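Chemist: Sharing a structure here in structure tokens format.
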Number of protein chains: 4
Amino acid sequence: MLSKSVIELLSMNHQSPFQVFANLRYAVFQRSTLLLNIHALPSHNQRLSNESFSLTSGAGCDIFQHGASEKRSARIDTVDLTELSITYEVRVETNPDAREIYDTRQLPITEMELSTLDYLFPSRYCESDLMGLLAAKLFGHIAHPLAQARAISDWVFENIDYVVGSTGGATSAHDTLTQRAGVCRDFAHLAIALCRALSIPARYFSGYACNMQPPDFHACFEACVGNRWFIFDPTRLSSPNGLIRIASGRDAADTSFATIFGAMEMELLEVSCTAEHFEPLSQRTLEGKAILLEP
Amino acid sequence: MLSKSVIELLSMNHQSPFQVFANLRYAVFQRSTLLLNIHALPSHNQRLSNESFSLTSGAGCDIFQHGASEKRSARIDTVDLTELSITYEVRVETNPDAREIYDTRQLPITEMELSTLDYLFPSRYCESDLMGLLAAKLFGHIAHPLAQARAISDWVFENIDYVVGSTGGATSAHDTLTQRAGVCRDFAHLAIALCRALSIPARYFSGYACNMQPPDFHACFEACVGNRWFIFDPTRLSSPNGLIRIASGRDAADTSFATIFGAMEMELLEVSCTAEHFEPLSQRTLEGKAILLEP
Amino acid sequence: MLSKSVIELLSMNHQSPFQVFANLRYAVFQRSTLLLNIHALPSHNQRLSNESFSLTSGAGCDIFQHGASEKRSARIDTVDLTELSITYEVRVETNPDAREIYDTRQLPITEMELSTLDYLFPSRYCESDLMGLLAAKLFGHIAHPLAQARAISDWVFENIDYVVGSTGGATSAHDTLTQRAGVCRDFAHLAIALCRALSIPARYFSGYACNMQPPDFHACFEACVGNRWFIFDPTRLSSPNGLIRIASGRDAADTSFATIFGAMEMELLEVSCTAEHFEPLSQRTLEGKAILLEP
Amino acid sequence: MLSKSVIELLSMNHQSPFQVFANLRYAVFQRSTLLLNIHALPSHNQRLSNESFSLTSGAGCDIFQHGASEKRSARIDTVDLTELSITYEVRVETNPDAREIYDTRQLPITEMELSTLDYLFPSRYCESDLMGLLAAKLFGHIAHPLAQARAISDWVFENIDYVVGSTGGATSAHDTLTQRAGVCRDFAHLAIALCRALSIPARYFSGYACNMQPPDFHACFEACVGNRWFIFDPTRLSSPNGLIRIASGRDAADTSFATIFGAMEMELLEVSCTAEHFEPLSQRTLEGKAILLEP
């Protein structure tokens, strides 16, 4: 049975731990504050070890995970530095799981967990409020919300070109729908907007992706069905079993890996995420299934 | 041969003349100027007779057809009127013609008539510059530009809902693409933008439509292939052999039936366009063909 | 001393309690879910009594205040009703306070409370990411962030016309900036976007407003300075001492008073908020000061 | 009399002729068509001599000035070239003139020349239809339309930052109004939109500018008052007496210096415009006056 084999693949897999490494360097032109979202998020299915985070001495820093927030942020004060370097390393073990799409429970909005309701509404880069008719026309005939989310991910992959440099920080799902090009962030925003337009809670996933070429921070999306969050990568540049979560949020505005308050300029960005043995899941293996990063 | 039969239908048809009637009334709050584009445009294939245009006495008016412009505009000065009524009547004979789509010559841009080149560029409501990839993805596989124009008209019909009140004066093709609803003007704008994105000159057609329900001014679009302008109605609310041209232009900004400079408010708009005998062309009859309003 | 007098006015005032009343009626065309944000939010400075919330019998309903969320939402299941009526009543005592603008502590981002950081980022209707230069040009010369927030509120009041019906559910701050007309929601969105563009956390306030004409739900904004939230009404239709909070959020997407999932249509909306004695604060009295709804 | 002195300056000045030079080189990846608008436009006040236009042998080319169009376009067929070079040189004498702003006749719309009416309407990059209220608020108190146009030019200069690379080909006046940064094209678009919103016909001027740093094609705008077109440069990077017209149009969509149909990539762009003696007009000299390039 194909289905079983995926679950087996995932559960058996004793996946090798991932080794994550990030190195950032900034020129600092005046005392500034930097908000960084680059720490892997510890969770039931994402166990961290050997974590180290170091920055140029002289900088102030607090690391926090606020309230309901699904991220660990570092707030860095450059004090009197003129150059700021940051190095982050961590070893991560994850434990993704697979579900048969049509076996997943569908819940009416009245039974959705309260924490998921916020993800039904439009956000800066996901104008789901404009896309009700479109989403209904494209995906309304599909019977199951998880199948809809999967179809949305596939549709975005098939209809949007991955073109580095084609978009910018102000590009939203509405733009991408017309322009049909973008990068991982734009793919995720469009898929999220289409899910929400169908009343499926959907959120932005920011993280590291094993062996991605070229190595960089990555963005995907999660859709909530049956009060569980399923992960999809509409770019198909990563495999869901190679993803490490940094943050969940409504869109890139919530989870941006670096936000500068002041005057700084990035001079270097190195990211890597590797594993001793890593077996990506093929599209074929994923047929009819959806992957959970958390239980 | 089906093709012949359409041409016969059109050439034989000795179509009854159309009787056009428009009645507008405005409350005038201060001396204002009204630019009206409601006169049928005389041309080789659109013969006018019994034309009358009358307005409340006291108003000033000049009617002009400027330069290359494809419209007859009335410029009305309300002087000291507090109410302005306008009545327009005309009898129109048209002589549409049909062509086999794949028999139409394709011309490279270097052989296009100079007058058509302006219609390759984006305009206020037709952001063709944003839609190159989209148009290529949807229609790039179609070999012939006239077949592309036809496919665009069909795609707009199939993918956009006609919903009165869903859009406003600022709605553009980019908006309609996301929102998937609009009225005749929005359908035309989107089709024009998609044609231009494929380097097919395309223009806005504003006119009267025989027996349209509810009666109103109507908008369609024309695509230029082989230096001839072919008409399409992506709303399918009119039949191309029942159309009477008021104006051609880049989009509704060029051809708006009424523009107020000052302070006036429309109180009444009545339009009618009828014929003693009128036989609309079915979609089936139009299969594989495209209609020309002018030679 | 003028300043003292305001504080006295507010503290002495033993403001009469407000009596809030809302009545909504919907036609229901299929089983639907309605999310309502119309409950006043209990808090240190907003004491509720005699609260009643009733709806047509047969409907299912749960009322919840989720996690960090600053609202009490009602989630209503219409089950088999064809008409749904909702009545809400509550008696509210508030205790607003005043501060001298220039006495308020300014805090760098590194000392802001974590819960306020989310309100630095752009949201669906507040594209602060586009307005950095504009905000710096208009308000950058003002030395104190609370004075900036006050100046933003005044600027929005002076530069935007309050025009009922001029905007819709998709209108954002970017639109309002160009179109210069809107309603309370649009005024709040624009002010919020401008604050965030200056790195001042700002949030949407949705609530009831005493004696507002015509009576309706109202929207204002709060800016966070010195880790305290100060309230401003850029429409000047309400007085800050007459405001009762329903919800705080990033923008109207978070706090919309009613969201329909399914097929329902509003048939009636009645809102009232009155007090036995109510003395609005004049713009003059507010000179140099800002008002806190919570300590 | 200051006014006289400007007119004298302009009429006396026996301005040295301008020497214009442009050099473009493209890599050609497939047979393509290039539409170029780089030829200076001959006119009453813009006399051309020693004109030469040469391109890589093997390319096809026709140069045309179509109908009412205010530009000379070159339509180039790359045939089987893999590289295309274009060189354009011309010697130009211009004869700008000055008028006292408040001496210029104001004409109601009913007396405007027909050819100017098209420039009252919105276009791709100039959404004047969205800016009626804004323009009235900012400039409605100014009594004379030419003074309004001058004030608009000044306002754009003072409120928008000239930032190379801040905008792209899709940026419109609505965007620039919010983002407050742009290049010459954006400055012109915003000024045009604001003029049209006040019912002043306004058009895009594309041309060469004497001694501009860095040398490049330049864009300004013209406003029509009293049926005469007055030139303004809201960037203040050029002086009106140093401008040489390539094209007039509704906006950059009409007058883009190069449009590619096919697959080509620009590899080189050199522009220069110099004169033996050139005396730019100072802002002070221009006080109270406006400059005409044509009678």
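The values are calculated or read from the model by the stated rules, or taken from the named source; none is laboratory data. Just so we're clear, the structure is a prediction, and the values are computed from it rather than from any experiment. All Cβ positions, glycine included, derive from the backbone under ideal geometry; neighbour counts span all protein chains shown.
Chemist: Please identify the pairs in which a residue from the stretch C:260-273 that is of a type in the set (Gly, Ala, Ser) has its Cβ atom under 7 Å from the Cβ atom of a residue that is in a strand (DSSP E or B), counting only partners at least 6 apart or on another chain.
Modeler: Pairs found: C:Gly262/C:Thr33; C:Ser272/C:Phe21.
Chemist: Also, quick follow-up: Taking the stretch C:219-275 only, how many residues are within 28 Å of A:Arg250 (Cβ to Cβ), of a type in the set (S, T, N, Q) and more than 16 Å from the chain's Cα centre (by Cα)?
Modeler: Residues meeting the conditions: 2.
Chemist: Here's another thing I want to ask about it. Quick check: is even one residue across the stretch A:258-277 aromatic (Phe, Trp, Tyr) and farther than 27 Å from A:Ser32 by Cα?
Modeler: Within the stretch A:258-277, none of the residues are aromatic (Phe, Trp, Tyr) and farther than 27 Å from A:Ser32 by Cα.
Chemist: Additional query: Quick one: is C:Arg105 more than 14 Å from chain A (Cβ to nearest Cβ) and more than 25 Å from A:Leu35 (Cβ to Cβ)?
Modeler: Criteria not met by C:Arg105.
Chemist: Further question: Conditions: (1) within 18 Å of the chain's Cα centre (by Cα); (2) over 18 Å from D:Gly262 (Cβ atoms); (3) surrounded by 20 or more Cβ atoms within 10 Å (Cβ to Cβ). B:Leu130 meets all but one. Number of the miss?
Modeler: (1)
Chemist: Considering the stretch C:173-210 alone, what residues qualify as being small (Gly, Ala, Ser), buried (at least 24 other Cβ atoms within 10 Å of the Cβ) and either more than 14 Å from chain D (Cβ to nearest Cβ) or under 18 Å from the mean Cα position of the chain (by Cα) (or both)?
Modeler: Scanning the stretch C:173-210 gives C:Ala173, C:Gly182, C:Ala188, C:Ala191, C:Ala193, C:Ala202, C:Ser206, C:Gly207, C:Ala209.
Chemist: Now for a different question. Which is at pLDDT 95 or above, over 25 Å from D:Ser199 (Cβ atoms), buried (at least 18 other Cβ atoms within 10 Å of the Cβ) and of a type outside the set (A, V, I, L, M), of D:Thr82, D:Thr78?
Modeler: It is D:Thr78.
Chemist: Mind listing whichever residues of the stretch A:136-147 are buried (at least 19 other Cβ atoms within 10 Å of the Cβ), touching a Phe, Trp or Tyr at 6+ places or on another chain (Cβ under 7 Å) and more than 10 Å from chain B (Cβ to nearest Cβ)?
Modeler: Answer for the stretch A:136-147, where residues must be buried (at least 19 other Cβ atoms within 10 Å of the Cβ), touching a Phe, Trp or Tyr at 6+ places or on another chain (Cβ under 7 Å) and more than 10 Å from chain B (Cβ to nearest Cβ): just A:Leu146.
Chemist: What residue, of D:Leu41, D:Leu48, is under 16 Å from D:Ala247 (Cα atoms) and part of a strand (DSSP E or B)?
Modeler: Just a single option satisfies the conditions, and that option is D:Leu48.
Chemist: Among the residues of the stretch B:247-261, how many are surrounded by fewer than 23 Cβ atoms within 10 Å (Cβ to Cβ), among the polar types (S, T, N, Q) and either within 9 Å of chain D (Cβ to nearest Cβ) or under 18 Å from B:Ser172 (Cβ atoms) (or both)?
Modeler: Count: 2.
Chemist: Is the stretch B:111-120 home to any residue that is over 19 Å from B:Glu222 (Cα atoms) and buried (at least 21 other Cβ atoms within 10 Å of the Cβ)?
Modeler: no
Chemist: Residues of the stretch C:42-71 being of a type in the set (D, E, K, R) and closer than 17 Å to C:Asn23 by Cα, which ones?
Modeler: C:Glu51
Chemist: Oh, and also: So, C:Glu93, is that one closer than 28 Å to C:Gly288 by Cα and in contact (Cβ under 8 Å) with a residue 12 or more places away in the chain or not?
Modeler: Judged against the criteria, C:Glu93 is a match.
Chemist: Ok, one more. Quick one: which of B:Thr33, B:Thr56 is within 10 Å of another protein chain (Cβ to nearest Cβ), touching a residue at least 12 places away in the same chain (Cβ under 8 Å) and over 30 Å from D:Leu34 (Cα atoms)?
Modeler: Sole residue among the options that is within 10 Å of another protein chain (Cβ to nearest Cβ), touching a residue at least 12 places away in the same chain (Cβ under 8 Å) and over 30 Å from D:Leu34 (Cα atoms): B:Thr33.
Chemist: Now a separate question. What is the residue count in the stretch C:62-75 for residues that are facing chain A (nearest Cβ under 10 Å) and crowded, with 16+ Cβ neighbours inside 10 Å?
Modeler: Final tally of qualifying residues: 4.
Chemist: In the stretch B:119-135, how many residues are within 8 Å of chain D (Cβ to nearest Cβ), more than 11 Å from B:Ser199 (Cα to Cα) and assigned to a helix (DSSP H, G or I)?
Modeler: Residues meeting the conditions: 1.
Chemist: Could you check the stretch D:136-167 and list, in sequence order, the residues that are among the aromatic types (Phe, Trp, Tyr) and part of a helix (DSSP H, G or I)?
Modeler: D:Phe139, D:Trp155, D:Phe157
Chemist: So, A:Ala191, is that one part of a strand (DSSP E or B) and modelled with pLDDT of 95 or more or not?
Modeler: No; evaluated as a whole, the condition is false for this residue.
Chemist: Still on this structure, please answer the following. Restricting the search to the stretch C:195-208, which residues are in contact with a strand residue (DSSP E or B) (Cβ under 8 Å, 6 or more places away or on another chain) and within 16 Å of C:Leu138 (Cα to Cα)?
Modeler: C:Cys195, C:Arg196, C:Ser199, C:Ile200
Chemist: Mind checking which strands (runs of 3 or more DSSP E) fall wholly inside the stretch D:207-272 and carry at least 1 residues that are among the basic types (Lys, Arg)?
Modeler: Here the list reads D:228-232, D:243-249.
Chemist: Let me ask something else about it. Just checking, does the stretch A:148-170 include any residue being within 14 Å of chain C (Cβ to nearest Cβ) and either of a type in the set (Asp, Glu) or in contact with a strand residue (DSSP E or B) (Cβ under 6 Å, 6 or more places away or on another chain) (or both)?
Modeler: The answer is yes, given that some residue of the stretch A:148-170 is within 14 Å of chain C (Cβ to nearest Cβ) and either of a type in the set (Asp, Glu) or in contact with a strand residue (DSSP E or B) (Cβ under 6 Å, 6 or more places away or on another chain) (or both).
Chemist: Take A:Ser239 and decide whether it is touching a strand residue (DSSP E or B) at 6+ places or on another chain (Cβ under 7 Å) and buried (at least 19 other Cβ atoms within 10 Å of the Cβ).
Modeler: The answer is no for A:Ser239.
Chemist: Continuing with the same structure: Restricting to the stretch C:211-228, name every residue that is surrounded by fewer than 24 Cβ atoms within 10 Å (Cβ to Cβ) and either at pLDDT 95 or above or touching a strand residue (DSSP E or B) at 6+ places or on another chain (Cβ under 7 Å) (or both).
Modeler: Residues satisfying the conditions are C:Asn211, C:Met212, C:Pro215, C:Asp216, C:Phe217, C:Gly226, C:Asn227, C:Arg228.
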